[in-house]
Amino acid sequence: MWSGPRNISTAMMRAWGNRPDTFVCDEPLYAHYLKVTGLPHPVADEIIRRHEPDWRKVVAWLTESVPEGKPIFYQKQMTHHLLPQIDRGWLTRVTNCFLIRHPQEVITSYIAKNNDPSVEDVGFVQQAEIFDFVQSATGKTPPVLDGKDIQENPRRLLGLLCDSLGVKFYDSMLSWAPGLRPTDGVWAKHWYTEVETSTSFRPYKPKAEPVPDRLAGVYARCLECYERLHEHRLR
């Protein structure tokens, strides 16, 4: 599941993690991303130390046997973590889905943590690039979900996703116990405060804040990518 930051990606991981047939992993390429970029993210040293920073080993793990003998391996991925030097060939060995959110909502949320994000920071360009690669390599349009649609009708959208993947829908995907999970990354203590208290997908609430003028160029480029994927969303 390829998402950018400031989306409902962790709630989606909770939904799939609450299935009896699914093992989940949390942003498995994050340690490699931090090691290569050197970005001063919270607990970066701990992330690199406790998670695998070699992308080749990560990809081998993601494409081999599913942990715990489960039939489904749900992989929560951030689009900007798939750096250009990482070979894309392995994407044909997994089923790729895309979780999108309107860039106005992403950017106005993101600047609370990083006041001057670049196009690369918010992941829309990378998401479109991954989508194009998968579509070209497989000859099929991969499933796309908009976070707003999920929050407005989680039963319908998760059902549509399961149908598109050819797997059974479970009602257990609609609610879960609060708290952190052993499968959460070590960054959970910094980023997952809201999800930690959640027990379901929270109802959609529109964000009224405008994108600052200084980020107009970033917003325009992200909107272009978002709108292209939005045309393919499940509905």
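The values are calculated or read from the model by the stated rules, or taken from the named source; none is laboratory data. Computed from a predicted model, the values in this text were never measured in an experiment. Because the Cβ atoms are built from the backbone with ideal geometry, glycine has one as well, and the counts that use them run over all protein chains shown.
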Subject >> Some residue of the stretch 209-225 being part of a loop (DSSP other than H, G, I, E, B), over 17 Å from the mean Cα position of the chain (by Cα) and modelled with pLDDT under 95 >> reply: yes
Original post:
Among (1) among the aliphatic types (A, V, I, L, M); (2) part of a loop (DSSP other than H, G, I, E, B); (3) loosely packed, with under 15 Cβ neighbours inside 10 Å, which single condition is residue 137 missing?
Top reply: (2)
**OP:** Please go through the stretch 167-203 and pick out each residue that is farther than 18 Å from residue 99 by Cα, loosely packed, with under 15 Cβ neighbours inside 10 Å and not hydroxyl-bearing (Ser, Thr, Tyr).
**Re:** 168, 171, 177, 178, 179, 180, 182, 189, 190, 194
Original post:
residue 175 is checked against (1) modelled with pLDDT under 95; (2) under 27 Å from residue 20 (Cβ atoms) and fails just one. What number does that condition carry?
Top reply: (1)
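How many residues does the stretch 11-31 hold that are in contact with an Asp or Glu (Cβ under 7 Å, 6 or more places away or on another chain) and either buried (at least 20 other Cβ atoms within 10 Å of the Cβ) or under 22 Å from residue 101 (Cβ atoms) (or both)? So that I can check it myself, show each step before the final result.
Let us first name the residues in the stretch 11-31 that are in contact with an Asp or Glu (Cβ under 7 Å, 6 or more places away or on another chain), namely 13, 23, 26, 31.
When the remaining residues are screened for being either buried (at least 20 other Cβ atoms within 10 Å of the Cβ) or under 22 Å from residue 101 (Cβ atoms) (or both), the result is 13, 26, 31.
Going through the stretch 11-31 one residue at a time, the tally reaches 3.
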Original post:
Within the stretch 159-212, how many residues are in contact with a strand residue (DSSP E or B) (Cβ under 6 Å, 6 or more places away or on another chain) and β-branched (Val, Ile, Thr)?
Top reply: 2
